[in-house]
Structures are given as structure tokens and as C-alpha cells.
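Please read the structure below before turning to the comments.
The values are calculated or read from the model by the stated rules, or taken from the named source; none is laboratory data. Since this is a predicted model, take the numbers as computed values, not measurements. All Cβ positions, glycine included, derive from the backbone under ideal geometry; neighbour counts span all protein chains shown.
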Amino acid sequence: MTTPLQRYTHYFVGFTLFNVLIQVTRLVKEGTGKTTLAIGDGANDVGMIQEADIGVGISGVEGMQAVMASDFSISQFRFLERLLVVHGHWCYKRIAQMVIIKRLSRFSLSSICYFFYKNIAFGLTLFYFEAFTAFSGQSVYNDWYMLLFNVILTSLPVISLGVFEQDVSAEVCLQFPALYQQGPKNLFFDWYRILGWMGNGLYTSLVIFILNIMIFYNQAFRAEGQTADMAAMGATMFSCIISAVNCQIALTMSHFTWIQHLFVWGSVTTWYLFLLLYGMLPPYYSEDAHKILVEALGPAPIYWCTILLVTVACNLPYLAHISFQRCFNPMDHHIIQEIKYYKKDVEDQHMWRRERSKARQETKIGFTARVDAKIRQLKGKLQRKSSTLVLPNCMPSPC
Amino acid sequence: MEAVGQAILVLPEGIQSDPNCSGYLPDCFIAVLQSKPDSKFTQQELPACKPILTPKWVVSAFMIIAIVFIPIGIACLLGSRDVVEVVERYETKCIPAANINNKVQYIQNSDANKNCTIQMKIPKRMKKPIYVYYQLDNFYQNHRRYVKSRSDKQLKSSKNENDTSSCKPENLATGGGAIVPCGLIAWSLFNDTYSFSLQKNNQSLAVNKKGIAWKSDKQKRFGKDVYPKNFQGGGLKGGGDLNVSVPLSEQEDLMVWMRTAALPTFRKLYGKIEVDLEANETINVTLQNNYNTYSFNGKKKLVLSTTSWIGGRNDFLGIAYLTVGMICLALAIGFTVVYFVKPRRLGDPTFLSWNRGPGSH
């Protein structure tokens, strides 16, 4: 037959024994690495139907066992082609969309976690400072710093994380749908992640605040003997926050293009540029921040030392955590990244194909039910649609 | 499960029916590939750097941090240890015995004698310039209402003399005229004075009161044509007086005071002593105990301090650097040991969750 059927699968037709069918299907699946489809109508075909990636059962003479065990069921063999061409295509698209949506939602979750983290880190420092101002509501930062924080100084890297992040490439992503499997384990895992990021935010805020207070305390901060006023301490604390949160997002990214570099390091540079330009405005606008970078903070070694210390201290737990996790409890996408990095998929093609087929098997749970629901939905749509195609009843039987 | 029977079909995207074809229908289905002009940007195929955290990188990262931080910590600690600092608390000492139970009354009494003498012992040789600070404790210069209470426009130019709305309640004198400079910050100006002399030969030590404020304050924020007017004229005196014949751009004590401090315990620069002081010398300080900190249980301290490249004396920065450096060193060593004892082959598919069995992930 010269139908699209041959383009999509290899298939075996046989009236052979139960075990043999299963083993042969498994061999074909793992050996060729292609998606396998098994079709059968009897009780002896049940094992083979379940072993294959897609199982099709024919209801009829030998009863309904094959139908119960399969992902799709048809009433006559001749409908197989329509099933493959139309529904097979749809299913592939659906899986691809599901995987892509899952991946997007996973990165959206990443972005949301980061958003919580940076705002907790920033907001809590303000809150802690209140304890030192007799709770009068005085903020340690200039109003302009606070305004720009979420608008430009930390927002661009998050966007690049959500849009451009790729922990594995798109083709690998589709080959390993199990990477994005939803299940009861994953649900718990997401809460763990969210709480972990909030804890990180709390820790970061404490480190930034305490280190700045203790370092600047009350002694001179420069060789010329001047002591730090609220403007100097506020600007230093804010510089620490900007460096720390941007460094943090750089650590979470695994895919660096020029865009990521621009957004992350650009955000930090934008802060210094802003501080410089704002300081140049006349004191009527810039008040205590007038010339603060050029005159007070820039030439003070303690300022740069503080920023370096705080940035590293804030990011150290996260760095230790991901190193530990990679070492002892690696996630699937870490292993796959390593396989690609060391080119083991090229060296050991058999292993790569085998793992891909196992990954597909993982998505079988729930797959059948979703396909079923989608077919019912589409059938309803077909009956309502105006532009339809009516096929002739008779088609030659391939057997 | 319902069977897909003979039914009307809507062809899915990407598959069309060839209109010229008749006969076996599935043969007439054509897969149509739609090609759009895609850039590398939209296809997310930009050249990328994809670093992964291999054991080599982990250990290197921690080692580099340790190697950078430990020397910086040592340098900061040495810089801080170089600084010699002498602190003397005097607000209780300088109350005469007779007034110990009514301090507030004493301090508010403008006729009372506020002279006081204290001694300061120099522990180590102090090289010039030696900075003189006054330290106040429990004084909330960072209170919101206090910080707001000033008029920068008025400070800058005599034209804006009447711009005192943000300075309430210290905006108008009892006579009705505007107070220059207005506001609570200026009103509460610190006014203790200090003079120093060596005990051994009564030689007085000059205190240089110039150059203690930021240059940008002198040049840009405090006007050359603005003179104090009606200062402390609001009924209640809150602090020191200002010389009406000196323009604000020369009033460095005022400028230093108006830079509101971040914490309730703060020091402000009073002046500089431009001679060296030898170890074990005793300095006699004659001070005027004018400023009222007794109403709010504040403390007053006099500080003599040298500076180093890092500023005044504070071991915290050095200790913090050393701590972080040590932690990183420990982590580097720890990870090295672990990688040798229990190595994981990179890219080993047995670690994939579906190969590890249930309970993984």
C-alpha cells in the first residue's frame, strides 16, 4: 500500500502467540526508535496493544477485550488509515502543544517565583529599617529608586527568563515528553519550589540589611573622615539589592544568548547610570542624592567591598543548593543536558533511542483519557460545522 | 470507547485534499508544509552559551571565591586595626552634683554654667589628621517628620526666603517673619563645643573646622547669599544659634548636622586636629555641655579617631569577608571529597527518573 500509513509506523499483522507479540513489539520499538502502533482484535492481542506506543483495538467477532485495552478503537480495519492520518496528526500536535505549554508554564512558574523572591528581598529591607526609625514610616531609599526597582532595574531579565529560557532544546523537549509529566509528585514539587524561593528572598533581605547596617554603623566610611548619612546608606543598600537579585537570576538561567547577557548586566549598569545622572540633577530634584555616586560613594573602597560581599553572601546558599542537587539528586533535564553536552547521544545512539521510547511510555497515563475526550469534542464540532467533507461509504478493504 | 465510524470529516491543519485527484481518497491527502520566514530570533536558535554545573565548575567557583575573599578580609581587618579610636561618654559626667536630679531643668537654664572638663587617654600613637566627632545615641534623626522638616529651596537662595511650608512648626518666628533656615533639622542644631589641650604642658591643640562638610553641600545646596534670620525665634529653643553675619555656605556645622543620619546612634564630624598625638598622652578637653539630650535619655560621646583606607574602626567587614571565604573554602573541600568518594558519571542515563524507579524525582 502506498498510503501515509507506511510513513508513520511499522506494523505487524499476525495471529501469533501472546508473548511473542509483546516481545517483538518491544524489539521494534527500542530497536528502531520510532513510534509503534499495534492493531488487534482478540484477547491475545491485548499485551501487544499495551506494549506499543499506540494501541488500536478492533471491536467485533472476538469480543471487546482488545477494545478495552487500547488507546483507540475502531469497528472496521479500513478505518485505520483515517485514524492515522487525521487523528494521528492531531495527537502529535496535541502532545507537542501540551509539552510546549507545560514548558512555558514551568518557566512561568520560574518567573513568578523569581518575582516573589526579588520583591520579598526588597520589601523586607524597608520593613526592617522601620524598626530603626521608631516606626515613623521613613523609607531608607529615595523614592525614585523604589519606583524604578520593578519597572526597569529588575524586570527585563525576568522577561528574558520567561520567553527565552531553554533548559533543553526544543527538539529534545518533544522527544522526551516525560520531562514535563504532570503528576502528584510534581504538584508537591512546585510548592516546594515556591516556598524555597520565598525563603531565599527572606534570607537575602536579612543579609543585605544586617551587613549594610553593621558595616556602615557609625564610624567614618572614608579616609577623609566623613560618616555615612541616610542617603549614602540607602544608596549602598539599594546597589546591593540590584546586584544580588540580578546575579541570582543569572544563576538560574541555563541558556545564555546575547539577549540574556544584555538584560542581566544591563540592568546593573542601568542602575549605576541612573544614580550618576540623577546625582547630576540640581539639588532641588535630587536632594540628598546629589552627586552621591561621584563624590561620596564611588571613591570609597568600602562601598565596592560591601557590594561584592553582599552579592556573594546572598547567592551562596543557592549556588550550594544547585551544586548539591546536581550531584546527588539530578533532575531529568540535568541528565539530558549532560548527555547532549558530552555528545553521548551521538556516541551511543542505541541508548538515546531507548531512553526516548521509555520517556514516551511515561506519558501514557492519562493520555488515553485525554485523547478520548478530545475525540468526543471534535465529533461534536464536526456535526455543527458548515463546511464539511462527505466521504463515500465504500472503501476497499486492505486485508 | 466509541468507534470512529464513517463520518463527515473536517480536515486538520496541514492536510489538504488534492482537488485534481479522484479515486482512493487517502491517496489524495497532501501534507502541506507552511513555511514562514523565520528569523533565528523567533526560532530561538540564537547562538547560545549553555553552561552546566560540572564538578569541576562547582569546586572552581567556590575556590575562586575563597581565594579572592580571604585576602580581602585580611586587608580589611588590618585596615581597621590600624585605626586608633578614643571614645569618651560625658553627658552624665558633666552634670554638676547639685543638679543630678533635675538634669532637664539644669540644661534648659541658660544662666547655668555649662563648662565641663574631661580627660582622654591616647592608647597608641595617632597620626594626623585626627578627626573629632560627637556621637549621639537614641537620637532619631531618621524620623519621617523630622527628615521632611526642611526647605531646600530656602537654603539655596535668599529669593526663596518665604518658602517655609514644609518646615512647620518651625517655619515662622513669633514676630511673623520667616525663619531662615527653617525646619526641625536646623532648629535642633547640636551646639556643644570642645577645646583640646595636652595635659603635660597645657599646649592647646587647634581644631580645624573647615572642610568637614561635603563640597557639593557648600557649593550647591547652601547659598552664598543666604543669611540666618529669626533663627531659634519660634519661641522654644531647640539647639544652637547661628552667626547672622556668616552666609549658610560657610556654616559647615549646620551642613554636617543637616545630613540626616540613618541610625539612632550616629557620629558627626566636628573638626580635625592637625598634629600627631603620642601614645599615653592625656588630653584635657574643655567642653560646653549645652545640648539637651536629657529629655529623651540620649547619650553624648566625644570621639577622637584616625582613619585608614577603609575609614574608621570597624572590624565587621573584615570578619564578614573572612567568614564567607572560609565557608566557600569548606564547601570547595567538601564537594571535592564527595566527588571522589561518591562520583556520579555525567550523562549517565541510569539517573533518569524513569530508570530509577518509583520514589525518584
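The residues of region A:152-174 that are modelled with pLDDT of 70 or more, assigned to a helix (DSSP H, G or I) and surrounded by 14 or more Cβ atoms within 10 Å (Cβ to Cβ), listed by number, are A:152, A:153, A:155, A:156, A:157, A:158, A:160, A:161, A:162, A:164, A:172.
Please state which one of A:81, A:30 is surrounded by fewer than 18 Cβ atoms within 10 Å (Cβ to Cβ) and more than 30 Å from residue A:252 (Cα to Cα).
On the way: A:81 fails: surrounded by fewer than 18 Cβ atoms within 10 Å (Cβ to Cβ).
Step by step, each of A:81, A:30 is checked, and only A:30 is surrounded by fewer than 18 Cβ atoms within 10 Å (Cβ to Cβ) and more than 30 Å from residue A:252 (Cα to Cα).
Going by the conditions given, is residue A:20 modelled with pLDDT of 85 or more, assigned to a helix (DSSP H, G or I) and more than 36 Å from the chain's Cα centre (by Cα)? Considered against the rule, which asks whether it is modelled with pLDDT of 85 or more, assigned to a helix (DSSP H, G or I) and more than 36 Å from the chain's Cα centre (by Cα), residue A:20 comes out as no.
For beta carbons closer than 6 Å, sequence separation of 6+ or different chains, a first residue in region B:70-91 that is part of a loop (DSSP other than H, G, I, E, B) and a second that is polar (S, T, N, Q), the qualifying pairs are B:82/B:308; B:83/B:306; B:83/B:308; B:84/B:306; B:91/B:293.
Give region A:328-353 a look and list any residue that's more than 7 Å from every other protein chain (Cβ to nearest Cβ) and surrounded by fewer than 17 Cβ atoms within 10 Å (Cβ to Cβ), or say none. If you could, list the steps in order and put the result at the bottom.
Restricting attention to region A:328-353, the residues satisfying the condition of being more than 7 Å from every other protein chain (Cβ to nearest Cβ) are A:328-329, A:331, A:333-334, A:336, A:340, A:343, A:345-350, A:352-353.
Passing the criteria: A:328, A:329, A:343, A:346, A:347, A:348, A:349, A:350.
Can you say whether residue A:22 is under 23 Å from residue A:353 (Cα atoms), aliphatic (A, V, I, L, M) and surrounded by fewer than 23 Cβ atoms within 10 Å (Cβ to Cβ), as far as the supplied structure shows?
Details: under 23 Å from residue A:353 (Cα atoms): yes; aliphatic (A, V, I, L, M): yes; surrounded by fewer than 23 Cβ atoms within 10 Å (Cβ to Cβ): yes.
Against the criterion (under 23 Å from residue A:353 (Cα atoms), aliphatic (A, V, I, L, M) and surrounded by fewer than 23 Cβ atoms within 10 Å (Cβ to Cβ)), residue A:22 qualifies.
Of everything in region A:201-245, what is surrounded by fewer than 23 Cβ atoms within 10 Å (Cβ to Cβ), of a type in the set (D, E, K, R) and in contact with a helix residue (DSSP H, G or I) (Cβ under 8 Å, 6 or more places away or on another chain)? Give them in sequence order. Listed by number, the list holds a single entry, A:222. Filtering B:188, B:151, B:157 for residues that are within 14 Å of chain A (Cβ to nearest Cβ), closer than 29 Å to residue A:132 by Cβ and small (Gly, Ala, Ser) leaves a single hit, B:151.
The number of residues in region A:278-295 that are in a helix (DSSP H, G or I) and either within 7 Å of chain B (Cβ to nearest Cβ) or of a type outside the set (A, V, I, L, M, F, W, C) (or both) comes to 9.
For (1) away from chain A (no Cβ under 11 Å); (2) modelled with pLDDT of 95 or more; (3) under 17 Å from residue B:82 (Cβ atoms), each residue gets a yes or a no:
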| site | (1), (2), (3) |
| --- | --- |
| B:266 | no, yes, no |
| B:277 | yes, no, yes |
| B:289 | yes, no, no |
| B:294 | yes, no, no |
| B:305 | no, yes, yes |
| B:311 | no, no, yes |
| B:318 | no, yes, yes |
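Is it the case that residue A:248 is crowded, with 23+ Cβ neighbours inside 10 Å, more than 26 Å from residue A:199 (Cβ to Cβ) and touching a residue at least 12 places away in the same chain (Cβ under 8 Å)? Spelling it out, it is not the case that residue A:248 is crowded, with 23+ Cβ neighbours inside 10 Å, more than 26 Å from residue A:199 (Cβ to Cβ) and touching a residue at least 12 places away in the same chain (Cβ under 8 Å). Restricting attention to region B:152-185, the residues being touching a residue at least 60 places away in the same chain (Cβ under 8 Å), farther than 15 Å from residue B:249 by Cα and surrounded by fewer than 18 Cβ atoms within 10 Å (Cβ to Cβ) number 2.
In this structure, residue B:350 does not satisfy being more than 10 Å from every other protein chain (Cβ to nearest Cβ), closer than 22 Å to residue A:338 by Cα and at pLDDT below 95.
Can you say whether residue B:146 is part of a strand (DSSP E or B), under 34 Å from the mean Cα position of the chain (by Cα) and either surrounded by fewer than 18 Cβ atoms within 10 Å (Cβ to Cβ) or in the same structural domain as residue B:289 (by TED's automatic domain parsing) (or both), as far as the supplied structure shows?
Details: part of a strand (DSSP E or B): no; under 34 Å from the mean Cα position of the chain (by Cα): yes; either surrounded by fewer than 18 Cβ atoms within 10 Å (Cβ to Cβ) or in the same structural domain as residue B:289 (by TED's automatic domain parsing) (or both): yes.
In short, no.
Of the residues making up region B:301-321, none is over 30 Å from residue A:221 (Cβ atoms) and without any contact (Cβ under 8 Å) to a residue 12 or more places away in the chain.
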